[in-house]
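Every read-out reported here was derived from the displayed coordinates using simple, explicitly stated rules and does not represent laboratory data. Keep in mind that this is a model prediction, so the values were computed, not measured. Cβ: placed from backbone, ideal geometry, glycine included. Neighbour counts: every protein chain shown.
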Amino acid sequence: MKIIILGAGQVGGTLAEHLASEANDITVVDTDGDRLRDLGDRLDIRTVQGRASLPNVLRQAGADDADMLVAVTNSDETNMVACQVAHTLFHTPTKIARVREAAYLTRAGLFDNDAIPVDVLISPEQVVTHYIKRLIEIPGALQVIDFAEGKAQLVAVKAYYGGPLVGQQLRQLREHMPNVETRVAAIFRRDRPILPQGDTVIEADDEVFFIAAKANIRAVMSEMRRLDESYKRIVIAGGGQIGERLAEAIESRYQVKIIEMSPTRCRHLSDTLDSTVVLQGSASDRDLLMEENIADADIFLALTNDDEANIMSSLLAKRLGAKKVMTIINNPAYVDLIQGGDIDIAISPQLATIGTLLAHVRRGDIVSVHSLRRGAAEAIEAIAHGDSKSSKVIGKAIRDIGLPPGTTIGAIIRDEEVIIAHDDTVIATGDHVILFLVDKKHIRDVEKLFHVGLSFF
């Protein structure tokens, strides 16, 4: 695929990295020459320096025959105008834009071909808010991913000493829970992936990814570790877009406090939010945290734009007795450094956003793509189309499908039913198939499996 990426910031750079490794023809446009040189040295891509929305710059980037335009510059307006120019002058088939400003997003009818022609809108704040909200709803989870509009969920947990299944083989999961269907999709042990077999023994400190129907998630978790109690008291550091959206989404069910530095922002928050307590001050002020009884907080969320401030306030909150600490980290190099120590969960907005973007870049009918474990593996939801003649998967039992190495099928969602995949499960047309890839080199092979032969049309 020929893809033009506008903006070589963190999202644009990470996206170029992902896509270049999958044999796409990538061109990145940015005004910052140093950043482009750095990307061009590392990756096999073309770069063009200039303003992303100008017609001559887009032409230079190859917009005449591009399959897709992804506009992720720091300016909403530049992204929207670039999509308009690509649509009007170059008839680019798919246009994806990042729009952050809520005032644009709430206006129905603004983004369609007769107005501003954007096919897919991405709002990182929205994606991240939703991500954190799911983590709050399932205490003890390291990552929660929804499939088929939430019917099935993939959850990552850390196995602890004393969990019923720790030290036992996976096949015993069925004996422990005869009425619950689940499948362990991947295990990470000391940062290395293990493809789970029936005789794989779960060790303490393993990160276990399993998939189950939403209703069964807590039951499966209790096999790996002691269940955490539901959260009640939540403290948010940083009342920016993400902090505000999150407080709005959860304040009816939890006791929420927000700590925010700016007095004007505090006023805005207390006018907008109903029951959230807004405190003006610094989240790394020890006296303030003590005063607000941080030791009673079930969860402390550091959601400011400053990585260092987030890390320091999280470490302090943990030291002062907060039970769980989650932190937003924008610099991908930091994420692996800090997760798992005093900070329980590090959230990378880039990786959350990248998943949404990748779903639209994949060939075949791929509904969603999610990065697992900060990009080390991938979970994909694909729809099986066609019939047994035109499709490589329909009408076949899973054991007879030639899956690429390191790929497993975890579950199938048929209409309203979640079917956990076994060797003899047969795939039917219209099924949503959930796949796991431990090795991303084979992504193309997976896409080819779900391609429909031309005879079908």
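Out of the residues in segment 1-43 that are free of Cβ contacts under 8 Å to residues at least 60 places away in the same chain and in a strand (DSSP E or B), state the one that is surrounded by the fewest Cβ atoms within 10 Å (Cβ to Cβ). Of everything passing the filter in segment 1-43, ASP25 is surrounded by the fewest Cβ atoms within 10 Å (Cβ to Cβ).
Scanning segment 286-305 for any residue that is buried (at least 22 other Cβ atoms within 10 Å of the Cβ), over 24 Å from ILE443 (Cα atoms) and of a type outside the set (A, V, I, L, M, F, W, C) turns up at least one such residue.
Determine whether segment 106-114 contains at least one residue that is in contact with a strand residue (DSSP E or B) (Cβ under 9 Å, 6 or more places away or on another chain) and either assigned to a strand (DSSP E or B) or surrounded by 21 or more Cβ atoms within 10 Å (Cβ to Cβ) (or both). No, that holds for no residue. If the condition is being in a helix (DSSP H, G or I), among the small types (Gly, Ala, Ser) and in contact (Cβ under 8 Å) with a residue 60 or more places away in the chain, then segment 55-85 contributes only ALA82.
Scanning segment 207-227 for residues that are assigned to a loop (DSSP other than H, G, I, E, B) and either buried (at least 20 other Cβ atoms within 10 Å of the Cβ) or among the hydroxyl-bearing types (Ser, Thr, Tyr) (or both) yields one hit, ARG225. Does THR182 satisfy the condition of being touching a helix residue (DSSP H, G or I) at 6+ places or on another chain (Cβ under 7 Å) and of a type in the set (S, T, N, Q)? Criteria met by THR182. Can you spot a residue in segment 178-201 that is surrounded by 13 or more Cβ atoms within 10 Å (Cβ to Cβ), basic (Lys, Arg) and free of Cβ contacts under 8 Å to residues at least 40 places away in the same chain? Yes.
Looking only at residues in segment 160-196 that are assigned to a strand (DSSP E or B) and polar (S, T, N, Q), the one that is farthest from PHE436 (Cα to Cα) is GLN169.
Taking into account only those residues within segment 269-281 that are surrounded by 13 or more Cβ atoms within 10 Å (Cβ to Cβ) and touching a residue at least 24 places away in the same chain (Cβ under 8 Å), which is farthest from MET326 (Cα to Cα)?
Just the residues of segment 269-281 that are surrounded by 13 or more Cβ atoms within 10 Å (Cβ to Cβ), to begin with: 269-270, 272-273, 276-281.
Still in the running and touching a residue at least 24 places away in the same chain (Cβ under 8 Å): 269, 272-273, 276, 278.
Numbers: LEU269: 21, THR272: 24, LEU273: 22, THR276: 19, VAL278: 19 Å.
Among those residues, the one meeting the criterion is THR272.
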